[in-house]
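S.K.: One structure is given below, represented as structure tokens, and several questions about it will come after.
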Amino acid sequence: MKNTRFDIGGAATSQAAAERHDDVLAELERRIGRAHLAQRLEREAGHEQRVRRFGARFFHIESWCSAHSVIRGSLRLVGLHARARRNARALCVRQNDVMLPNLPPAFDGYTILHISDPHVDAGPDIPHALIERVRGLDYDLCVLTGDYRTRTFGPYEPTLEAMARLRPFLRGAVFAVLGNHDTIRMVPHLEALDIRVLLNEVAQIERRGAALHLAGIDDAHKYRLHDFEKVTSAIPSNSLSILLSHTPEAYRDAARAGFRFMLCGHTHGGQICLPGGFPLLIDADCPRRYAKGAWRHGNLIGYTSVGSGTSIVDVRLNCPPEVTLHRLRAT
């Protein structure tokens, strides 16, 4: 892994910085195409402009100055704030056996570490808690399903610095997709950390002469730039394929495209739930049964991680944060 010092996060302050920025965008354009890059940048800019312009006058959870105080104050009022903060840092390791027809025998027992929604820049103890949980785990491949940044706009240097702290503790190859909190400008910097970001792209995973295909789509929640036609065209027919998506909302298209296993996150499982784990709010256009844990839609097996981090406030109730070990099994 390269030692990388991030010099990004704000407006360019020199001609050299501007040239580096242009080089980053030019490389992304060559890789994913001018239309995809232009659409993503335009939609990111539009989102940031709307939040900055209207956030102070209209409700937007990131810019409404009282949002954090209201949630924390309510929890303090009922005596749950301290407990909820401890819960948010008490990551558990979930185990999920996945029975897959036509799994090559070489991949029987193959284990995937799945981390979603870490929001690593939420505080200095957040990456530390994640590092302590993944340290020493045994797995073959690591996948990240988006939302590395806490806010949905603004500087992203703290996010990259925190990811640089985490990466040495992730063994072997790491593949990722972007979430709705992430900017596409982060991609070259994440890849400098040896984290391969799939932008409607496919990677072939090989083991003892056998192969499976790992596809990753761009965010299907806010930016809606997922392209199943592009990813499926890169996968041989009748090949076993696994999909990384930030959100479960793409489940119908994933099933139609022939994917057999889909890993996602985004929902945080509700983050603040009633006893029994019933979420008060799910920010995803999908059935609630697809919003956390294992699920099935036709021939598609899915798993929605509740995430290792938190959104808006650093608290959790009746919804412990997680990292997940998916063990592939042949039927």
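S.K.: For the range 120-140: of the residues being touching a Phe, Trp or Tyr at 6+ places or on another chain (Cβ under 7 Å) and in a loop (DSSP other than H, G, I, E, B), which is surrounded by the most Cβ atoms within 10 Å (Cβ to Cβ)?
M.R.: In the first step, residues of the range 120-140 are kept if they are touching a Phe, Trp or Tyr at 6+ places or on another chain (Cβ under 7 Å); the result is 120, 131, 134-135, 140.
If we keep only those that are in a loop (DSSP other than H, G, I, E, B) too, we end up with 135, 140.
Numbers: Arg135: 10, Asp140: 17.
Here the answer is Asp140.
S.K.: To continue, here is another question. Test Val143 against the stated conditions and say whether it is aliphatic (A, V, I, L, M), surrounded by 15 or more Cβ atoms within 10 Å (Cβ to Cβ) and farther than 20 Å from Leu317 by Cα. Walk me through how you get there before you give the answer.
M.R.: On the way: aliphatic (A, V, I, L, M): yes; surrounded by 15 or more Cβ atoms within 10 Å (Cβ to Cβ): yes; farther than 20 Å from Leu317 by Cα: yes.
Yes.
S.K.: Would you call Gly307 without any contact (Cβ under 8 Å) to a residue 60 or more places away in the chain and either within 19 Å of the chain's Cα centre (by Cα) or farther than 21 Å from Ala203 by Cα (or both)? Show your work before the answer.
M.R.: On the way: without any contact (Cβ under 8 Å) to a residue 60 or more places away in the chain: no; either within 19 Å of the chain's Cα centre (by Cα) or farther than 21 Å from Ala203 by Cα (or both): yes.
Taking the combined requirement at face value, the residue does not satisfy it.
S.K.: Looking at the range 79-91, can you tell me whether even one residue there is modelled with pLDDT under 75, in contact with a His (Cβ under 8 Å, 6 or more places away or on another chain) and over 30 Å from Arg135 (Cα atoms)?
M.R.: No, that holds for no residue.
Per-residue answers, yes or no, for (1) modelled with pLDDT of 65 or more; (2) charged (D, E, K, R); (3) closer than 25 Å to His221 by Cα:
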{"residue": "Thr13", "(1), (2), (3)": "no, no, no"}
{"residue": "Asp23", "(1), (2), (3)": "yes, yes, no"}
{"residue": "His47", "(1), (2), (3)": "yes, no, yes"}
{"residue": "Ile71", "(1), (2), (3)": "yes, no, yes"}
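S.K.: For the structure I just gave you, tell me whether Gly109 is in contact with a Ser or Thr (Cβ under 9 Å, 6 or more places away or on another chain), within 23 Å of Ala203 (Cα to Cα) and either of a type in the set (Gly, Ala, Ser) or not in a strand (DSSP E or B) (or both). Reasoning before the result, please.
M.R.: Numbers: in contact with a Ser or Thr (Cβ under 9 Å, 6 or more places away or on another chain): no; within 23 Å of Ala203 (Cα to Cα): yes; either of a type in the set (Gly, Ala, Ser) or not in a strand (DSSP E or B) (or both): yes.
Here the answer is no, as Gly109 does not meet what is asked.
S.K.: Same structure, new question: Quick check on Ala38: is it in contact with an Asp or Glu (Cβ under 9 Å, 6 or more places away or on another chain), surrounded by 11 or more Cβ atoms within 10 Å (Cβ to Cβ), more than 30 Å from Ile131 (Cβ to Cβ) and at pLDDT below 90? Step through it out loud before you land on a result.
M.R.: Working: in contact with an Asp or Glu (Cβ under 9 Å, 6 or more places away or on another chain): yes; surrounded by 11 or more Cβ atoms within 10 Å (Cβ to Cβ): yes; more than 30 Å from Ile131 (Cβ to Cβ): yes; at pLDDT below 90: no.
Considered against the rule, which asks whether it is in contact with an Asp or Glu (Cβ under 9 Å, 6 or more places away or on another chain), surrounded by 11 or more Cβ atoms within 10 Å (Cβ to Cβ), more than 30 Å from Ile131 (Cβ to Cβ) and at pLDDT below 90, Ala38 comes out as no.
S.K.: While we're looking at this one, here's another question. Working only within the range 100-126, note down all residues that are of a type outside the set (Gly, Ala, Ser), over 18 Å from the mean Cα position of the chain (by Cα) and within 20 Å of Arg208 (Cα to Cα).
M.R.: Of all residues in the range 100-126, those of a type outside the set (Gly, Ala, Ser) come to 100-105, 107-108, 110-115, 117-121, 124-126.
Then keep just the ones that are over 18 Å from the mean Cα position of the chain (by Cα); that gives 100-105, 107-108, 110-111, 124-125.
If the condition is that a residue be of a type outside the set (Gly, Ala, Ser), over 18 Å from the mean Cα position of the chain (by Cα) and within 20 Å of Arg208 (Cα to Cα), then Leu100, Pro101, Asn102, Leu103, Pro104, Pro105, Phe107, Asp108, Tyr110, Thr111 are the ones that fit.
S.K.: Looking at Ala106, Ala176, can you tell me which residue is touching a residue at least 24 places away in the same chain (Cβ under 8 Å) and surrounded by fewer than 20 Cβ atoms within 10 Å (Cβ to Cβ)?
M.R.: Numbers: Ala176 fails: surrounded by fewer than 20 Cβ atoms within 10 Å (Cβ to Cβ).
Ala106 is the lone residue from the list that is touching a residue at least 24 places away in the same chain (Cβ under 8 Å) and surrounded by fewer than 20 Cβ atoms within 10 Å (Cβ to Cβ).
S.K.: With the range 227-331 as the region, which strands (runs of 3 or more DSSP E) entirely inside it contain at least 3 residues that are surrounded by fewer than 22 Cβ atoms within 10 Å (Cβ to Cβ)? Lay out the reasoning, then the answer.
M.R.: Numbers: elements: 241-244, 261-264, 293-297, 300-304, 322-330.
The qualifying strands (runs of 3 or more DSSP E) are 293-297, 322-330.
S.K.: Could you check Thr111 against (1) within 17 Å of Gly172 (Cα to Cα); (2) free of Cβ contacts under 8 Å to residues at least 12 places away in the same chain and say which number it fails?
M.R.: So the condition that Thr111 fails would be (2).
S.K.: Being out of contact with any Gly (no Cβ under 7 Å at 6 or more places or on another chain) and within 30 Å of Ala122 (Cα to Cα) is true for just one of Ala192, Ala234, Ala203, Ala210. Which residue is that?
M.R.: On the way: Ala234 fails: within 30 Å of Ala122 (Cα to Cα); Ala203 fails: within 30 Å of Ala122 (Cα to Cα); Ala210 fails: within 30 Å of Ala122 (Cα to Cα).
Step by step, each of Ala192, Ala234, Ala203, Ala210 is checked, and only Ala192 is out of contact with any Gly (no Cβ under 7 Å at 6 or more places or on another chain) and within 30 Å of Ala122 (Cα to Cα).
The values are calculated or read from the model by the stated rules, or taken from the named source; none is laboratory data. This one's a predicted model, so the numbers in the text were calculated from it and none came from an experiment. So basically every Cβ, Gly included, is an ideal-geometry build from the backbone, and we count neighbours across all protein chains shown.
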